[in-house]
Structure formats: structure tokens, C-alpha cells
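> Below you'll find the structure I mean.
The values are calculated or read from the model by the stated rules, or taken from the named source; none is laboratory data. Quantities reported herein were computed from a predicted structural model and do not represent experimental measurements. Methodologically, a virtual Cβ is constructed for each residue, glycine included, from the backbone with ideal geometry; neighbour enumeration extends over all protein chains shown.
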């Protein structure tokens, strides 16, 4: 019973964070025999020298474009691959690469993601053989040679590690609130529409026009270069400019302790996403005792976006096109609904702030990687 893990090792992006969570749990369970860093130089020679090539299980938490790396110089009996759709679209070539692995097992971070994966597999000719309350689905389809390929889809939610309230920073943030300050932060690393960044800017403009927030309120848009460029282009196309109090900031690579300080300096996190594979930011914020306004669909519906830390942004049930891939759809998000959610969070912030801080330790415990990956560890033993 041994495991070789394949994943991203550098930085603090979502893939690296997920990989570290898996690595921590697998090491703690005494299962990890080797680790292949997909983002480090060395190529196949370095991989061949890495232990675990003959481990019974290979677990993949990286970019799906690299999933066949698991076949280079390795022989695993089972191949476990994380697949995290952000909308109803999953690239067929990526899914086909996963299915080409011997004994493929797909890991989804939410029940919603599992449904998207299963629906896509059914469109590809697979049929459900059995299912267990959305936690495991077994499907089969005939190959062209006449034999049958079997794939399992398991719901294994993501977790959080290293995030906690920074008391001194929270106290300063509370004092700033009493002085009329109110800082809202939004994070994005995507060029696409799924994070709802443009809708958030429009919501902020509306709140400025209606004077729903104090004059000192700030919207901090923390975006990487690609996301910032895409937002500027969309704003230019629609004749929109950054409203008063809104600023674009570059994205840095912060570890959990540094990110905890940043989050605790904020009064509110805004996550008006149309599509999320899971949503690490709202969970990290709740583990720090920081409030979030978020949509509750797609991966945000995995169970971690709940009061007192999270205010829901209402969405219609209708699914509309989204630029996540051919034919992709997702629920829209209305700037007015975002604006009202932020206004409500501001109005009750003083009362909810202490409740959110008091709940932070329970969030961190209930959503620890150890707890969330416990079912996977049992399957790997």
C-alpha cells in the first residue's frame, strides 16, 4: 500500500495548495512513497530517479494537460486524478487522457462537480453501473476492441491548512470600521467570466451612485496580469471605468500565514463567481474569521460557504452561456444582487465579525485536509 503523488510544487496558487494538502495527509498516513513535482525542471530523468515509480497508486493533483506524465517510467495499478470543472464544460481531450490511464479513478471536489463529470462521461458513451449518494459513481463503456473500460468518480472535498485569525490585525480592522473605513477584496487569476469580476465592478459603481457605503470604502481587485488585462478590455468594450474607491492590485504569492494577515486586514471578501471548481478563498477567509459575500452555486455549494462567515449572493436558476468552453453554461450573477449582499454585510459587519472570528477554529478543524481526505486515505490503504 503505497502512493506516488504528482502535482504542482511551486508557489501558492490553487493547484499548489491542493497538492500540498494531499502531500501532508498522505505523508501523515504513512502512504507517500514518492512525489513528482510537475513544475520543476529535470523532466523525465528527474522523474525516473524519484521514488515511488512502482507504487500501487498514483495520485494526480496537477494540470490535466500533464496527466499522462503518470505513465513515464512508472507502473501504478490505479490512477487517481483530480478533475475540478468550473462550468458544465470539461475538455473532452483532457478527460480522454484520464480515461486512457489503467484503472482510472476521478476525484471531484464537490457533488456538483461529480454530476458534471458523470454527465460528460455519459455523453461520451458511459453508463452508470452503480452510485452511492454522490460520493462514488461507477461507470462503464465498451472500447472499440470489444472489452469494457470502467471508471470511478469519487467526491472528495478540498480542505484548508495554515489559515487562522490574526487577532492584532482583526482588532485594527474593527477600529478602522468605526472610523468609516470598509475594505472589500476580490481575487482572480482567470481571463474568463467565471469569477464575476466585471459584475463586481458594476456593483461597486452602483453602490457609489446610491451612496450605500461610506466614502472611505475601498474595493481592492487583486488580479494576476492576464486577469487584469482581460478586465481592462471588458471595461473598455462597455465604456466602464473603475469607480471611486476601486483599485487594481497585482497578485503576489503569499503563504498561508501571510495570506491570513492580508485577509484579516480586510472587512469583506467578494467572491461573486459564476463558476468554481471548489472555491478555496471563501474557505480560507472563514478559517481566518473574515466574512465573505459569495454565490452559492457550482463548487461554492460544497458546504463550506455557510454563515456566519458567508453572505449568499442570490442567482436565478437559469443557466446562461459562459466563456469556459464550447457550449459551457452557468448561472448568471446580477450586479444589483452583489451590491445588496455587500450592503447587508456592511450593515451587520460589527455584529457578525465577532461571530465569524469565534467560528474560525471550528471551520479550520471541520475542513482540515485530514478530515476531508480521510475517505480517500481509506481507499488507498
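> From 175, 141, which residue is assigned to a strand (DSSP E or B), over 22 Å from the mean Cα position of the chain (by Cα) and surrounded by fewer than 21 Cβ atoms within 10 Å (Cβ to Cβ)?
Among 175, 141, only 141 is assigned to a strand (DSSP E or B), over 22 Å from the mean Cα position of the chain (by Cα) and surrounded by fewer than 21 Cβ atoms within 10 Å (Cβ to Cβ).
> Also, quick follow-up: If I ask for residues that are in contact with a helix residue (DSSP H, G or I) (Cβ under 6 Å, 6 or more places away or on another chain) and assigned to a loop (DSSP other than H, G, I, E, B), which ones from the range 191-215 would you list?
Listed by number, the residues that qualify are 191, 212, 213.
> When the residues of the range 252-276 are narrowed to those that are surrounded by 16 or more Cβ atoms within 10 Å (Cβ to Cβ) and more than 24 Å from residue 356 (Cβ to Cβ), which ends up nearest to the chain's Cα centre (by Cα)?
Looking only at the range 252-276, we keep the residues that are surrounded by 16 or more Cβ atoms within 10 Å (Cβ to Cβ), and these are 256, 259-260, 262-276.
With the extra rule that they be more than 24 Å from residue 356 (Cβ to Cβ), the set shrinks to 274-275.
Working: 274: 12, 275: 10 Å.
It comes out as 275.
> Out of the residues in the range 360-375 that are over 18 Å from the mean Cα position of the chain (by Cα) and surrounded by fewer than 20 Cβ atoms within 10 Å (Cβ to Cβ), which is farthest from residue 175 (Cα to Cα)? So that I can check it myself, show each step before the final result.
So the first thing to find is which residues in the range 360-375 are over 18 Å from the mean Cα position of the chain (by Cα), and the list is 360-362, 365, 374-375.
This time we only want the ones that are surrounded by fewer than 20 Cβ atoms within 10 Å (Cβ to Cβ), so: 361-362, 365, 374-375.
Numbers: 361: 23, 362: 25, 365: 28, 374: 41, 375: 43 Å.
Looking at the filtered set, the residue picked out is 375.
> Can you tell which of 246, 233, 287, 271 is more than 29 Å from residue 9 (Cα to Cα) and touching a helix residue (DSSP H, G or I) at 6+ places or on another chain (Cβ under 6 Å)? First the steps, then the outcome.
Details: 233 fails: touching a helix residue (DSSP H, G or I) at 6+ places or on another chain (Cβ under 6 Å); 287 fails: more than 29 Å from residue 9 (Cα to Cα); 271 fails: more than 29 Å from residue 9 (Cα to Cα).
Selected residue: 246, the only one of 246, 233, 287, 271 that is more than 29 Å from residue 9 (Cα to Cα) and touching a helix residue (DSSP H, G or I) at 6+ places or on another chain (Cβ under 6 Å).
> Within the range 222-237, take every residue that is without any contact (Cβ under 8 Å) to a residue 24 or more places away in the chain and farther than 22 Å from residue 269 by Cβ and give me the one that is surrounded by the most Cβ atoms within 10 Å (Cβ to Cβ). Before you say what the answer is, go through the steps one by one.
Kept after step one, since they are without any contact (Cβ under 8 Å) to a residue 24 or more places away in the chain, are these residues of the range 222-237: 228, 232-233, 236-237.
When the remaining residues are screened for being farther than 22 Å from residue 269 by Cβ, the result is 232-233, 236-237.
Working: 232: 14, 233: 11, 236: 10, 237: 9.
Here the answer is 232.
> Please state which one of 62, 58, 21 is buried (at least 22 other Cβ atoms within 10 Å of the Cβ), in contact with a helix residue (DSSP H, G or I) (Cβ under 7 Å, 6 or more places away or on another chain), in a loop (DSSP other than H, G, I, E, B) and modelled with pLDDT of 95 or more.
62 is the lone residue from the list that is buried (at least 22 other Cβ atoms within 10 Å of the Cβ), in contact with a helix residue (DSSP H, G or I) (Cβ under 7 Å, 6 or more places away or on another chain), in a loop (DSSP other than H, G, I, E, B) and modelled with pLDDT of 95 or more.
> Return yes when residue 135 is surrounded by fewer than 20 Cβ atoms within 10 Å (Cβ to Cβ), within 18 Å of residue 299 (Cα to Cα) and either assigned by TED's automatic domain parsing to the domain that holds residue 51 or touching a residue at least 24 places away in the same chain (Cβ under 8 Å) (or both) and no when it is not.
When the stated conditions are applied, residue 135 passes them.
> Answer with yes or no whether residue 125 is under 27 Å from residue 191 (Cβ atoms), free of Cβ contacts under 8 Å to residues at least 60 places away in the same chain, in a loop (DSSP other than H, G, I, E, B) and assigned by TED's automatic domain parsing to the domain that holds residue 20. Spell out how you get there, then give the answer.
Details: under 27 Å from residue 191 (Cβ atoms): no; free of Cβ contacts under 8 Å to residues at least 60 places away in the same chain: yes; in a loop (DSSP other than H, G, I, E, B): yes; assigned by TED's automatic domain parsing to the domain that holds residue 20: yes.
When the stated conditions are applied, residue 125 does not pass them.
> Being touching a strand residue (DSSP E or B) at 6+ places or on another chain (Cβ under 8 Å) and more than 28 Å from residue 273 (Cβ to Cβ), is that true of even one residue in the range 58-69?
Within the range 58-69 (the criterion being touching a strand residue (DSSP E or B) at 6+ places or on another chain (Cβ under 8 Å) and more than 28 Å from residue 273 (Cβ to Cβ)), the answer is yes, since at least one residue qualifies.
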